[in-house]
1. Which of the three applies to the chain, rounded, prolate or oblate, going by the alpha-carbon gyration tensor with a ≥ b ≥ c and a/c under 1.5 meaning rounded?
2. How big is the dipole moment of segment 31-82 about its Cα centre under a simple scheme where the beta carbon of each Lys and Arg is +1, that of each Asp and Glu is -1, and everything else is neutral? Debye, nearest 20, please.
3. Can you list the HN-Hα couplings for segment 97-105, worked out from phi with the Karplus curve (6.51, -1.76, 1.60; θ = phi - 60°), rounded to whole Hz and with x for Gly and Pro?
4. Just going by the charge dipole of the chain, with Lys and Arg at +1 and Asp and Glu at -1 on Cβ, which of 51, 20, 76 is farthest out on the positive end?
5. Just to confirm my understanding: which cysteines in the chain have no other cysteine beta carbon less than 4.7 Å from their beta carbon?
6. Take every DSSP beta bridge with both residues inside segment 3-136 and express the antiparallel ones as a percent of the total, to the nearest 5.
7. Using Cα centres only, tell me the gap between segment 1-59 and segment 85-104 in whole Å.
8. For residue 74, project a label point 7 Å along Cα to C-beta. Then give me every residue of segment 118-136 with its amide nitrogen under 16 Å of that point.
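Here, each number is a calculation from the coordinates, and none is a lab measurement. Quick caveat: nothing in here was measured; it's all calculated off a predicted structure. Backbone-built Cβ (ideal geometry, glycine too); neighbour counts: all protein chains shown.
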Amino acid sequence: MATISFNNQDVNPVLKSKSSLKAFLASIFKEEGCEFKNVAYIFCSDAFLLTLNQKYLDHDTLTDIITFSLSETHLPIISEIYISVERVLDNAKDLNVSFENELHRVMIHGILHLCGHSDHTKELKAQMRALEDYYLAKISF
C-alpha cells in the first residue's frame, strides 16, 4: 500500500486536514502517471536543511526543499522530501500568499521532481510553476 507521511525534525508546523492533504498529494502521482510506494515529508529548520544541502548536494545556500529519491529503480518511488518551514514562511511573506498556500506549492514541487519534471532552465522553471499552479487550483479541502 502506498503511503505519504508527515514528520517533524526540529519544527512542528500545523497541517490542516492531513488525511485530505495526503489524498490530494497521492492524486498528483496518479495524474502524473507515477507509481509511488512511500513518500515521507520531513519538516525542518533552515539550519537542518542547510546541513543536508552542504553534505549531500555540495551547496552552501538556504533552500526551501530538498527531494531525495531512495528508490533502487525509477518506480515505484520511495522518497524523503525535506522542507524548511522557515524558508516557506519567508517565501510566503515575500510572495504575499498564505503559509498554507506556499507550503502546498513546495510539497507539490517535490512530487513533480519525483515524477521527472526539472526546473534547471528558465523555460523549465516556467513549466514547473505552471504545473504547480495547476495542482494548487485543484485543492478543495
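1. The shape class here is rounded.
2. 180 debye
3. Result, rounded to whole Hz: 10, 6, 4, 4, 4, 5, 4, 4, 4.
4. So the residue we want is 20.
5. 44
6. Roughly 25 percent of the beta bridges in segment 3-136 run antiparallel, per DSSP.
7. When both Cα centres are located, 16 Å separates them.
8. Backbone N within reach: 118.
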